[in-house]
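The next block holds one structure in the form of structure tokens; read it before the comments.
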Number of protein chains: 2
Amino acid sequence: MKLYEQAARTLRQRIDHGVYRVGDRLPSIRALCRELEISVSTAQEAYRRLEEAALVEARPKSGYYVIPREVPTVLPSVTRPAQRPLDVSQWDHVLALVDMAPDEDVLMLGRGVPDLEAATLKPLSRLLATLHRRGGAHDLSYDRLSGSRELRERIVRLATGSGCLLHPDDVLITTGCQEALSIAIRTLAAPGDVVAVDSPSFYGTMQILKANGLKALEIPTDPELGISLEALELALEQWPIRAIQVTPTCNNPLGYTMPESRKRALVALAQRFDVAIIEDDIYGDLSFATPRPKTLKAFDDDGRVLLCSGFSKTLGPGLRVGWIAPGRYRDQVTHMKYVSTGASATLPQLAVAEFIAKGHYERHLREMIRQYQRHRDVLLRLVKRHFSADTGISYPQGGFLMWLELPAGVDCLRLNERLAASRVRIAPGSLFSASGKYRHCLRLNYALPLTATVAEAIRRVGEVATDMVAEAIEHPLADSQR
Amino acid sequence: MKLYEQAARTLRQRIDHGVYRVGDRLPSIRALCRELEISVSTAQEAYRRLEEAALVEARPKSGYYVIPREVPTVLPSVTRPAQRPLDVSQWDHVLALVDMAPDEDVLMLGRGVPDLEAATLKPLSRLLATLHRRGGAHDLSYDRLSGSRELRERIVRLATGSGCLLHPDDVLITTGCQEALSIAIRTLAAPGDVVAVDSPSFYGTMQILKANGLKALEIPTDPELGISLEALELALEQWPIRAIQVTPTCNNPLGYTMPESRKRALVALAQRFDVAIIEDDIYGDLSFATPRPKTLKAFDDDGRVLLCSGFSKTLGPGLRVGWIAPGRYRDQVTHMKYVSTGASATLPQLAVAEFIAKGHYERHLREMIRQYQRHRDVLLRLVKRHFSADTGISYPQGGFLMWLELPAGVDCLRLNERLAASRVRIAPGSLFSASGKYRHCLRLNYALPLTATVAEAIRRVGEVATDMVAEAIEHPLADSQR
């Protein structure tokens, strides 16, 4: 370990242990040099690392401070989507977001990809290499259709942490959480059927509805409490809803976690109307709360919740390891899994199982949760600094996604066009609605190390957005599609 | 290399070069000892290896002979399925076949799994290990939704060998060929629609129809020429067929390759009735003909053929690397791919691309084709020896699957039950029909090294089947489901 890394680590441990608290001034460069017997440039480099890690900030002519907690001044409004079943559109825009070659030189501020460079992930690559080095039929053959027993056992143990008592046979491994969601939806609904969703909602799920000819009934959603149970109840009375699809924990894109009482009430409502729930928990393990919040599945006593999750947001999407606990729909889900892709690849499953068994997963989660929470605070500060004061900002309770609501009239599809020259892209809010609502909203990712480049990109987004707000006020009818 | 391996290799090269021809007697043990200056036990071991490789056979009191070519005496009949659209059943039986844990101690004579222990596969495991050792974001992140450019370029070059001129953008990588087929079918047909299939037909595809509420119209099929074009034409006149799904090259389960003229005529027929074709070519690269036969896609001048393939039968199903060339349906197929599983895992794609680029794939195919062709001949001989003389036997033109037609009245689901005690299983023919026809047929796999254990298992299957034939003659009404 280099000298400046040692120095940075020493300071970091003191912050973690509360020796220096949020808002405290840290030792000056000179004091640090004396104390640790290092050079000025080493001390400067150590602080630079801590700044990059979003642990400290430099205040001009004052020194370095432990970054204080930051909360949004204005939250996004409670959403008010159309209260009738709609066909889903927006595929072209989703495709533009998800089908970018990884080597294109564009800073993707809107994608749902975690930090893949984390040191705590290294053992996973080593495990994968070792398993492959053994070679032979092992690499190349199928395991059970339901997936490796080892991994299902690990998942069952992890799920106790979210209040679920599952048996390994209650779990099927899928090719990412996307396949879990796709299978769940196709198991429950046929073309023309209506699925209720929290709104805004993950575009991947919305596009599953589209591809299968289903209609989305978007339910108003509170940026802190989640889906409106009152609106959902009215909708259940009024429409023949086949399934309720929600992301109640570390919601994508809003970041809220539904309070436990509301989760319980949601399951009760589904029981009363005899409707199934598809629960997307892909960000759940990244909750900032300890212990992590319970899933809806924890309150499911008659097998109507199909819990979908996986390791794309905690380990990496390229592994394609997801899972589903389909409750009473196990047989149909097994059939759908078989016809969808057959058994999933064996080796990544074994690697993840071993990564968990050896304690690496827990260690990695702890590290990522700390990092993402710090990054959230830094991004909050940057957004407050660079966006107009009336911008609604979500306050994520986990994960690495933030939702901004700009003044009505600002079109974030056009914002992306204007950002093209700066080689920066956000995720326009319209992707998260069946009918392209939320055009004045956008999603940002704070998983990436918040380097000067990222900070500059956020500044640039804020600058262009602010210009557009001004234009919208001057020419309120310029954008006919508003 | 050990001495007996060297000796076996010397003999093998002579057989390959025609020094010893089919049916020739090979040097005696004594002669071989003298010539190669090896011990008797080494010479015996060398011959044992060649027997296991199905290159030579020992004839009692005579010596070792190069195994002669064998052809079936009786072919399976031309099939006569119900000529109306049917719902697909048989899922329980398919599940029993495909969802067996790999470590269960049962010899699966009916599965569609290639030889995964081949020496020519070793470089693939090494490539996978090396790629993972590099580690980092590479392992864990997504590539393009359409898959790695390197692999798509390799596939395009391979496809020239089957008469196709494709551009890398015409190809999408999928999670195995099963996903390619699933996506193709869902792109073309909605619940209630009719899909025409060659019959018998791969159960995986039939189950896709079932899961999506589609009806199968099974078309009579000739065991040497493939789907009956005359019957298909009548069906196209009579029913609103949305797609034709066929496996025209190295058919599963019948093993035929449709003659080129009939492939051309099939595409012309589809054009005349303006119907799309879903072509399953997963076994095509394992054709025993040189050069390998053309695909239907080679005759497709208006983009109506969706060519589905992959590396599950040539390299290994556990890789889950498949692909689709969807012709004019590219946009819808891309959407279906996105909602089905998102992008496919990156690293197996890169490993396969490199395996091809370095010439390993060609070498491996050459070796496997030689092996499977020899195994086919040996299995033919075993079946002729152990099954009743009126058993119809297919004559596979590639791949590693053989279809047997027992006398009517023999129930192969019951055959499997009776084989349970011997820990042997075949694939019952009824899985290959929408309505459970072909109960008197079965599929065998000859990919595995034809060891004494496998030969004994085949003998046992023949013995039980022969018993059942006798019972069926004595009690023709015993099996009401016949």
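Couple of notes before you dig in:
- For the stretch B:38-76, the set of residues classified as open to solvent by 30 Å² or more (accessible area, probe 1.4 Å), at pLDDT 85 or above and assigned to a loop (DSSP other than H, G, I, E, B) consists of B:39, B:60, B:61, B:62, B:71, B:73, B:74, B:75, listed by residue number.
- Any hit, the stretch B:214-232, residues being modelled with pLDDT under 95 and within 14 Å of chain A (Cβ to nearest Cβ): no
- Residue match in the stretch B:298-316 (condition: within 30 Å of residue A:131 (Cβ to Cβ) and of a type in the set (Asp, Glu)): no
- Test for residue A:131: is it crowded, with 22+ Cβ neighbours inside 10 Å, closer than 25 Å to residue B:142 by Cα and at the interface with chain B (Cβ under 9 Å from one of its Cβ atoms): no
- Taking the criterion of being within 13 Å of chain A (Cβ to nearest Cβ) and assigned to a loop (DSSP other than H, G, I, E, B), the residues of the stretch B:314-370 that qualify are B:314, B:315, B:316, B:320, B:321, B:342, B:343, B:344, B:345.
- Members of the stretch A:157-180 found to be part of a helix (DSSP H, G or I), over 21 Å from residue A:263 (Cα atoms) and more than 14 Å from every other protein chain (Cβ to nearest Cβ), listed by number: A:157, A:170
- The residues on offer are A:264, A:330, and the sole one that is out of contact with any Gly (no Cβ under 9 Å at 6 or more places or on another chain) and surrounded by fewer than 22 Cβ atoms within 10 Å (Cβ to Cβ) is A:264.
- For the stretch A:276-324, filtering for residues that are open to solvent by 10 Å² or more (accessible area, probe 1.4 Å), over 19 Å from the mean Cα position of the chain (by Cα) and of a type in the set (A, V, I, L, M) leaves 1.
- Taking the listed residues A:353, A:298, the one that is in contact with a Cys (Cβ under 9 Å, 6 or more places away or on another chain), among the small types (Gly, Ala, Ser) and assigned by TED's automatic domain parsing to the domain that holds residue A:204 is A:298, with no other qualifying.
- Filtered residue count, the stretch B:278-293, keeping only those that are farther than 26 Å from residue B:332 by Cβ and either among the β-branched types (Val, Ile, Thr) or in a loop (DSSP other than H, G, I, E, B) (or both): 7
- Failed criterion for residue B:84 (all others in (1) farther than 29 Å from residue B:429 by Cα; (2) part of a loop (DSSP other than H, G, I, E, B) hold): (1)
Yes or no, residue by residue, for (1) under 27 Å from residue B:172 (Cβ atoms); (2) modelled with pLDDT of 90 or more; (3) not hydrophobic (A, V, I, L, M, F, W, C):
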{"position": "A:81", "(1), (2), (3)": "no, yes, yes"}
{"position": "A:86", "(1), (2), (3)": "no, yes, no"}
{"position": "A:90", "(1), (2), (3)": "yes, yes, yes"}
{"position": "A:115", "(1), (2), (3)": "no, yes, yes"}
{"position": "A:122", "(1), (2), (3)": "no, yes, yes"}
{"position": "A:136", "(1), (2), (3)": "no, no, yes"}
{"position": "A:139", "(1), (2), (3)": "yes, no, yes"}
{"position": "A:144", "(1), (2), (3)": "no, no, yes"}
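- When the residues of the stretch B:215-226 are filtered to those that are open to solvent by less than 20 Å² (accessible area, probe 1.4 Å) and out of contact with any helix residue (DSSP H, G or I) (no Cβ under 7 Å at 6 or more places or on another chain), the one that is nearest to residue B:257 (Cα to Cα) is B:223.
- Restricting attention to the stretch A:17-37, the residues being free of Cβ contacts under 8 Å to residues at least 40 places away in the same chain and either open to solvent by less than 70 Å² (accessible area, probe 1.4 Å) or closer than 26 Å to residue A:376 by Cα (or both) number 10.
- For the criterion of being farther than 22 Å from residue B:88 by Cβ, in contact with a Phe, Trp or Tyr (Cβ under 7 Å, 6 or more places away or on another chain) and outside any strand (DSSP E or B), residue B:465 passes.
- Residue match in the stretch B:91-99 (condition: in a loop (DSSP other than H, G, I, E, B) and surrounded by 14 or more Cβ atoms within 10 Å (Cβ to Cβ)): yes
- Residue B:235 being farther than 22 Å from residue A:191 by Cα and open to solvent by less than 20 Å² (accessible area, probe 1.4 Å): yes
- Selection from the stretch B:333-355 of residues that are free of Cβ contacts under 8 Å to residues at least 24 places away in the same chain and open to solvent by 10 Å² or more (accessible area, probe 1.4 Å): B:335
- Listed conditions (1) more than 8 Å from chain A (Cβ to nearest Cβ); (2) touching a helix residue (DSSP H, G or I) at 6+ places or on another chain (Cβ under 8 Å); (3) within 20 Å of residue B:318 (Cα to Cα); (4) open to solvent by less than 10 Å² (accessible area, probe 1.4 Å) are all met by residue B:184, apart from (3).
- Subset of the stretch B:116-127 [within 9 Å of chain A (Cβ to nearest Cβ) and touching a residue at least 24 places away in the same chain (Cβ under 8 Å)]: B:116, B:117, B:121, B:124, B:127
- Candidates B:459, B:418, B:414, B:385 - the one that is open to solvent by 40 Å² or more (accessible area, probe 1.4 Å), assigned to a helix (DSSP H, G or I) and within 30 Å of residue B:245 (Cα to Cα): B:414
The values are calculated or read from the model by the stated rules, or taken from the named source; none is laboratory data. This is a predicted model, so every value here is computed, not measured. We place every Cβ from the backbone using ideal geometry, glycine too, and count neighbours over all the protein chains shown. Accessible surface areas use protein heavy atoms only, side chains included; no ligands, DNA or RNA. Shrake-Rupley method; radii C 1.70, N 1.55, O 1.52, S 1.80 Å.
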